[in-house]
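Data block below; observations after.
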Ligand code: GPK
């Protein structure tokens, strides 16, 4: 039964009394938030149980999405929306003198991921549930999420993210579902009494994996799926082995922290154990459930279970499934292999060589001896089979175990039936360059699934002013089916609609301006273009190119204060991996340029730089609705897809981009006239690589504008960056500008000038903005997961979508 406003108020008060023996008037924000959370959770707990029963009773095939990162952010408003309670809750709270938006801020961001990859996993969780698809997440419950970022003297400082302090209202600890995971020690094979070869474990450590489940609430469809995150504990049987505090700590640290690297390999012992820990626990619990609940022979597993390997971190799914099927279920190797390949599928998220995960044989053997034995066998059989079909070289290059290392991407491709990229261009590059060898061997396994974003969160929830205008103009169907945003195309010349959308943007900009003032003490005007670059700090994403352009504008203005240009606020949000020195140098330089430019009275507020600290999901939700320009300026071929590009267009920002990742598809969606494209194409980048004819020094010598900009880093123009400025300069000149910033600089400047002109024509600009919103619907993760469901996972949605409202 739907909860009306009066019932809502009554129940909130009642629960508060029960839980805290307190009246609303005396409760703290945290207490009210916890109570509200419990109320919301109670509203979906029946549906959660029913969903599970439905899947079991109907013997529905389910997908398990294995990911070492999930980045859900806050869940209160999203759960309220999906339960159809958002408006009621808002009104009820208002009656009680509570503002829902500020109450929602009490919730700590669940930041169990680094960036795009983890956020994609969470958008998928939302969409899988909202499409009524039987799917669950499987990951790690880190005690500490991604570090909190502060700036001290312009430098990044990292602080621990103690997100569990104050409790987590959404999770349910399920001790009865715990499983044991074995690591370390030695394993040898011996015949048992029946003459079967069985692994014997010696001196291994047993870890207890305890699951914490979180309901993934579907949009108004009574479907609640499960995100299962594992936490390590010491099993009772092992208690006496852990007498020392030191020993206990070591073990308990296994799920303490998330590795803070993004798009980079992390070759550390704990990381490998983390990977095995959540893979083994997840697969064991799937098999246990299957045997107990589905009751079919293990040989039919692939008809009921699909496992997705999100990037290579969970690639051990392949040997772990083999271990269970062969060692425990006693299937033949051939049969086990056939099942494993049918069950598994894999997504590649990057072509950056340094991100391709490899582990030394030695470490693998010491840490996971049985896994290593099984991978050796997979490798040997692979070589044997492929030698008959393909040239020796090709087979050698594609082996799993090669040159003293275990190649996780090779394992994932060989051990699964599907490998997909995350945007058309990326998937093409995988086939033609990065994984070309595998494409020759398994042409049918390769496919594309362009990323998408959870549109309910990234438009309805974060951008109410725009959503209200859309409701008035095109009706409300877009809220369920984002394809209907297309209806807006009928209003591209309607002055009234354009003006209303402009007003909504203005409201969002004012809200962000208020936040900026509070967070950084910088005053910005909403008349200025809000030019946004938000993503992890990485050389290939080229935040530095953005800065070079800003310095150019600064120098132009210093030289001629009468230069005509729109006011601009350059907004950055980015964390650098703590060990990524060069990225941190760029942060320092942006911060020092900000200090210089923001305080220069000659500049007179015509350009401003705002680097907002601690970029995360919640901050993205504040920035994105207020953006005018979306900077997607990675070197072509390097960004697999990007997803902030999609969120920003959906909120009416105009994209300024290279033809990289999903930017190509955004251009196709909005047309050349409604996007600003610049820079080398991926083809041209590869031509440079092949001919090796790029000389940054030459550009510096010949281009006076670039020379002046770069000199600003070493001649004291930008103060306080003696070492950092030199490092930037050297990376571009001495080390020949790995990401072709200087090559793309002129065309970037030109595109920025075009944007400057376009913004001056309000109607023209608003029309572009409208066209972007109208065409954002195609990047819904609902669509993306439907494609995965049909083509890869072979799962079907729940038959009925009957909602409480009928
Ligand atoms: C890719 F390889 C990785 C990684 O380790 N972390 C990460 O966030 C990103 N990614 C890509 O860089 C983005 O282009 C892409 O949109 C995102 O994954 C989701 O596919």
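Each value in this text was obtained by applying a stated rule to the coordinates, not by laboratory testing. Here the structure is a predicted model, which means the values were calculated and not measured. A quick note on method: Cβ atoms are made from the backbone with ideal geometry, for glycine too, and the neighbour counts reach across all protein chains shown.
Within the range 204-291, the percentage of alpha carbon pairs spaced more than 20 angstrom apart rounds to 49%. For residue 25 and residue 102, the difference between the fully extended length at 0.36 nm per residue and the C-alpha to C-alpha distance is 26.1 nm. When Rg and Dmax are taken over the Cα atoms of the chain, they come to 27.1, 92 Å.
Can you give the FRET efficiency to the nearest 0.05 for residue 490 and residue 555, using r as the Cβ-Cβ distance and R₀ = 45 Å?
Details: r = 45 Å, r/R0 = 1.00.
Once rounded, the FRET efficiency stands at 0.50.
By the beta-carbon count within 10 Å of each Cβ, the least crowded to most crowded order of 67, 618, 28, 345, fewest first, is 28, 618, 345, 67.
Taking every DSSP beta bridge that has both ends in the range 512-761, the antiparallel portion is near 0%. Using C-alpha pairs under 8 Å with a sequence gap of at least 6, the mean separation divided by the residue count of the chain gives a relative contact order of 14 percent.
I'd like the distance separating the alpha-carbon centroids of the range 539-563 and the range 564-605, in whole Å. Answer, in whole Å: 10. The ranking of 35, 88 by Cβ neighbour count inside 10 Å, starting from the fewest, reads 88, 35. Straightening the chain between residue 14 and residue 582 buys 199.0 nm, computed as 0.36 nm per residue apart minus the Cα-Cα spacing.
Put in line by how crowded their Cβ is, counting other Cβ atoms within 10 Å and starting with the fewest, 317, 589 read 589, 317. Helices in the chain, meaning DSSP H runs of at least 4 residues, each add -39500 (n - 2.57). Divided by all residues, the mean residue ellipticity at 222 nm is -13500 deg cm²/dmol. Please give the Cα centre distance for the range 382-427 versus the range 672-695, rounded to the nearest Å. Their Cα centres are 29 Å away from one another. Between residue 240 and residue 172, the FRET efficiency estimated from the beta carbon spacing at R0 = 25 angstrom works out to 0.25. Both the radius of gyration and Dmax for the range 336-400 are 13.9, 34 Å, in that order, over alpha-carbon atoms. Spin-label pair residue 271-residue 604: with each label point 7 Å from Cα along the Cα-Cβ axis, the two points sit 5.1 nm from one another.
With the simple model of a label 7 Å out from the Cα in the direction of the Cβ, residue 711 to residue 87 spans 6.3 nm. Reducing the range 493-537 and the range 243-294 to their Cα centroids gives an inter-centroid distance of 42 Å. Its Kirkwood hydrodynamic radius, worked out from the mean inverse distance over all distinct Cα pairs, puts the range 143-187 at 14.6 Å. Here residue 299 and residue 95 are evaluated by their C-beta separation; at R0 = 56 Å the FRET efficiency comes out at 0.40. Here the chain carries DSSP beta bridges of which approximately 45% are antiparallel, counting only pairs with both residues inside. Could you state, as a whole-number percent, how many of the C-alpha pairs of the range 512-761 are farther apart than 29 Å? Within the range 512-761, distances greater than 29 Å cover 24 percent of Cα pairs.
Compared with the alpha-carbon gap, the fully stretched path from residue 7 to residue 477 is longer by 166.4 nm at 0.36 nm per residue.
Of the two radii for the range 484-606, the radius of gyration is 1.04 times the Kirkwood radius, both from the alpha carbons; that is the Rg over Rh value.
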